[in-house]
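Have a look at the structure below, then the notes.
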Amino acid sequence: MLKAAGIATLIAALFIATAGQRGATARAVPLQHLAIDADLSNGVCDPVDPQAVVVKGAMFQVAVCLLDAPEAAEAITVHVGYDSKMVVPPEIPDAGGGLDDNPDANAGVTTFGSQTLGVGWDCTTFGVSWPVADAPLVPGSDALINCNGDLRNPLNTLHNGALVVITFQARKRGESRVRLLPDTSYSTESFHDYNCEGGWEPIRCEGAAIEISKPENAHHRS
Ligand SMILES: [Ca+2]
Ligand SMILES: [Ca+2]
Ligand SMILES: [Ca+2]
């Protein structure tokens, strides 16, 4: 499978050859991390809530947050694992640049919070891979989105906020975890490629817990 962040870094090296001095001024970034915000009602990624209570049958959203990054993201791969017996994300038909799919990029028509990814983003991996709510090629239940900024005219703006928002329906009572899978990553204009798994530039990645409760006034059992 193509990895958008890696491809973006490679192509960026060609386009940014005349501006290579930016790479020399990059600094260490120990505090940045990715986390899932389970409750958007009190603010998207501010604060980040590691848990939330939702009602069985209800639709709810979580955000995947980039936090404390010193440099804006220019390409992202967000791969979120979940238990489909407990929560199910609806599939959204592929359209256009894939900016308002599920996962839903913080760009396009639907945006989340004051910082967006920026201008000129595309979430189709150069026209071959749109966002999917349950990726077919990976075992388990997982939502996947790959996005690239406009590498020829970068107007990337997101340092601190939502990369994407994912919509789920709560299916069954109980507690369920939503987590960032190891290939989740983001890259920057100065050739950094930060990855949840580790690699050259590992970053901390935190999931969230969803507690699914019985609907009020409901008589049926889960
Ligand atoms: Ca929140
Ligand atoms: Ca889709
Ligand atoms: Ca969007």
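Every number here is computed from the coordinates shown, using simple stated rules; none is lab data. It should be emphasised that the depicted structure is a prediction, and the values quoted were computed from it without experimental measurement. Here the Cβ positions follow ideal geometry from the backbone for every residue, glycine too, while neighbour counts run over all protein chains shown.
General observations
- Each peptide in 180-189, 50-59, 107-116 was scored by the mean count of other Cβ atoms within 10 Å over its residues; highest first, the order is 180-189, 107-116, 50-59.
- Region 74-169 - percent relative contact order, Cα under 8 Å, separation 6 or more: 40 percent
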